[in-house]
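Below is one structure, written out as C-alpha cells, with a few remarks after it.
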Amino acid sequence: LENYFLGIFTCEAILKIVALGFVLQSGAYLRNVWNLLDFTVVITGYITVFAQTGTGIDLRTLRAVRVLRPLKLVSGIPSLQVVLKSLIKAMAPLLQIGLLVLFGIVVLAIVGLEFYGGGFHLTCFDEQNPQELPNSIPTVARLVPCVITNDTHTHGKGVPPGAFVCPTGYVCKGYWEGPNFGITSFDNIGYSMLTVFQCITMEGWTDIMSSVSSLTFSLSQSSSALSSTPPHSHYSSMPLQTDFAFGNRFNFYYFLTLIVVGSFFMLNLVLGVLSG
C-alpha cells in the first residue's frame, strides 16, 4: 500500500514539475512551500524504500517523515492552509505561554518535592508474609499508598479523609516503588514536574490527592534520605507521620492551586492565544 501511494505522489510531482518548471522559472514547483513539502515526502519515501533493499544502510528512522503525508491535504484545501498559517503565526505567543506554564509547573513541583518527596512508598503487605511485596490489595485489586492507623502515628486524630486504610490481614509498611512504577511521585524534580503536569491536565489527579492524604512522612523532617532507601531496610521500621491537623489544610490549598491556577487558568491561556 505504501508503494502505491508513493507512486501516486510521484506522478503528481512529475506532472507539476512539467507544468510549472522545477525551480528556475517564476512560479516553479519548488518555489511553493506546499510543493516543497510534497517533494520532501516523495524523496524521503524513496530513501526508505532504498533502505529496505538490503543495502546495509539503516535509514529506517526516516520513516517518521510519513507523518507529513496527511499535510498534503492542506495544499489542496485553501481553508486548511489558512488554519495552518494561523497556527504558525501563533507559535511565538504560544512559546511565551509555554514558558509561563513551565514556570508554574516548576514552582508547584518544587513545593510538592519539599512536602511530599519520598512519600508514596508505603503500601499494604500481607501479615502472613510481610517481607514479600504483594501483587495487589484485595479491596482495590492493585497497590496504592496507605496510611498507618495506630495512635502513635496519627497522634490520636484518626485517619485523614481520603487516606487508604489496609484491609484486615494486611499491614501498612515499606518498601514499595510507588504508583505507576514510581513515576507518579514527588521523589525528584523530574517526577514531581510530571506529577504536577498530570494534575493540571485533570487526568487522575484525584487518585494522587488520595495518595497524598495517606502520606506517612513528617513535614518537619527531610524525606530526601528516605526516598532512596532500599527495599526491606530499616525504613520499614521507622515510618513517620504528617501532622494531619496541618497536613489536610495544606493538601487542600496545594491541590486547589494546582487545579484553579494550573488547569483553569494557565492551560486556558493557550486557547486564548489561538482564538486571538
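Values as computed for the structure displayed
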read-out	value
Long-range amide H partners of Tyr170 with built H, under 5 Å	Glu127
Rounded FRET efficiency, nearest 0.05, which uses the C-beta distance separating Ala141 from Thr257 and R0 of 41 Å	0.80
Cα→Cβ-extended label distance, 7 Å offset, between Leu36 and Ile183, nm	3.7
Stretch gain in nm, segment Leu267-Gln81, where the contour uses 0.36 nm per residue and the Cα spacing is subtracted	64.4 nm
Glu12-Thr149 pseudo-label distance in nm [points 7 Å out on the Cα-to-Cβ vector]	6.5
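Here, each number is a calculation from the coordinates, and none is a lab measurement. Everything numeric here is computed off the predicted structure, so don't read it as measured data. Positions of Cβ are generated from backbone atoms using ideal geometry, with glycine treated the same way; all protein chains shown enter the neighbour counts.
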